[in-house]
Amino acid sequence: MINGIKTLKFGVEDREKCQNFATDFGLEEVSSDIEGTTKFSMDNGSAIYVYDKDDTRLPPAFEDGSTLREVTWAVDDQESFDTLKDRLQGVDGYKVDTDILYCRDPNGLTLSFEISVMQTSLDQASAGINQYGSINRINEASPVYEKAAPLGIGHVVLFSPNLVAAQTFYEDKLGFYLSDAYNNRGAFLRCSAEGWHHNLFLLKLPHKDTPGLNHVAFIVRDIHEVIGGGLHMNRKKWDSFIGPGRHPVSSAYFWYVHSPFGGAFEYYTNDDYLTPEWQARHYDYSLDLFTEWAVEGGIDDTTRRQINNM
C-alpha cells in the first residue's frame, strides 16, 4: 500500500547553513517547485524541501527549533489511496486536498500521502563484495569515494514518548509491518511486507518525554561510500559524532553527522531485506544491539585514524 518516503519538509532557522550542509553531504540541489524554499532531489525520486522555520505554509512543529515538519509517504495506487482515506477518517489533522491526503501521527508530526512509486531498480549498483565461498567481484577493485551521493531517503527516526500509541497507529492505520523491536524502547517498522529492514524507527527514551526528530537516514551504495561520505564531512568540519559502525539489528553499516536541520543525518547501506515470512525479534535494549562496532567521533580525513585518539 505504501512503498517509501517521497519527500521531507523541514522548517529551519538558518536555511543557508542547511543548504551548505546538504551540499557537502552529497545531496543535489535542484530548482524548487515551491517558491521560497530550497529543494534537494535524489536518484530514487525522493526529495527534501527546506523552508524558513516561521513559514506559515508549514504545518505546526512537533518540537522547538529547526526540525522536520512533514513526511510525505508514497502510495502504490488509487485503490491504496482510497483505503487510507477510509482508515484515517477521524484521525487528528485529517484532510483531503485533491490528490493529497493529510493527517497527524500520535507524535504530532504531519503526514501526507500521494500516489507515487519510488524507484527500486537503479543503475547505481556497487561493485560486488568478495567473501569466503561467494566471489562477486573479479578483476575489479572495490571503489574509493571522495564524497557520498545518497540515492534516496531510507528511513526516519522519531522520538515517541507514547510508543504504544505511535506503533499502533502506523501498524493499524497505515499498514506498516514490525521488523524488530526493543521491548518498551523502540519499534523498527517497514512500510511494506517485502522490503528493506525499516522505513521508520520509533524510539522511546527514559529521559525524554517529548516527541521530536532523532535522525534521517540516506541510502548509499556500499560501505566504501559510507566511509567516503563521512570522511568528506569531517574534511568540511561538520560534527561527525559516531561512525563508521555497524548495527547488529538491521545489519546496516552507518555513519552519523549532526545537522543544522534539527536531527542527525546518517549514511547507511547493507540493511536486511525482509519478506512476509520474517518473524520480528524482540530484545531488551543493550549497547551491543545498537553497535557491533563503531568509531566515536568519526575518522580524521588526514590521518585516517579515530578523531578522538589523534
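Here are some notes:
- Using alpha-carbon coordinates, inclination of helix 15-25 to the longest axis of the chain, degrees: 50 degrees
- The share of Cα pairs per 10 Å bin across the stretch 1-48, counted from zero up to the longest distance, runs 24, 56, 17, 2 percent.
- Extension gain from Thr210 to Glu194, taking 0.36 nm per residue of separation minus the Cα-Cα distance: 2.6 nm
- Kirkwood hydrodynamic radius over Cα pairs of the stretch 194-269, then Stokes diffusion coefficient at 20 °C and 1.002 mPa s, in µm²/s: 160 µm²/s
- Residues in the stretch 125-141 carry Karplus couplings, in order, of 5, 7, 4, x, 9, 8, 9, 4, x, 9, 9, 10, 9, 10, 6, 8, 7 Hz; the curve used is 6.51 cos²θ - 1.76 cosθ + 1.60 with θ = phi - 60°, and Gly or Pro positions show x.
- Using a Gaussian network model of the chain in which every pair of alpha carbons under 10 angstrom is joined by a spring, one finds that among Leu287, Leu27, Leu174 the greatest mean-square fluctuation is at Leu287.
- Label separation (Asp77 vs Val164): 3.8 nm, computed from points 7 Å beyond Cα along the C-beta direction.
- Note on the chain: with a GNM built from Cα contacts shorter than 10 Å, the maximum mean-square fluctuation among Glu70, Glu28, Glu292 falls on Glu292.
- Largest GNM mean-square fluctuation among Ser46, Ser126, Ser259, using the chain with Cα springs under 10 Å: Ser126.
- Viscosity 0.890 mPa s, temperature 25 °C, Stokes-Einstein D of the stretch 152-309 from Kirkwood C-alpha radius, µm²/s: 152 µm²/s
- Computed from the Cβ-Cβ distance with R0 of 22 Å, the FRET efficiency linking Arg185 to Asp64 stands at 0.35.
- For the stretch 62-74, backbone phi angles converted through the Karplus equation (6.51, -1.76, 1.60; θ = phi - 60°) give residue-by-residue couplings of 9, 7, 6, x, 5, 6, 6, 10, 7, 10, 9, 9, 7 Hz, Gly and Pro being listed as x.
- Remark: the stretch 193-201, residue by residue, has Karplus-estimated 3J(HN,Hα) of 4, 10, x, 5, 3, 7, 9, 8, 10 Hz, where x stands for each Gly or Pro and the curve is 6.51 cos²θ - 1.76 cosθ + 1.60 at θ = phi - 60°.
- Expressed per residue, the C-alpha convex hull volume of the chain stands at 150 Å³.
Values quoted throughout were computed directly from the atomic coordinates according to the rules given, and no laboratory measurement underlies them. Since this is a predicted model, take the numbers as computed values, not measurements. Positions of Cβ are backbone-derived with ideal geometry, glycine not excepted, and every protein chain shown enters the neighbour counts.
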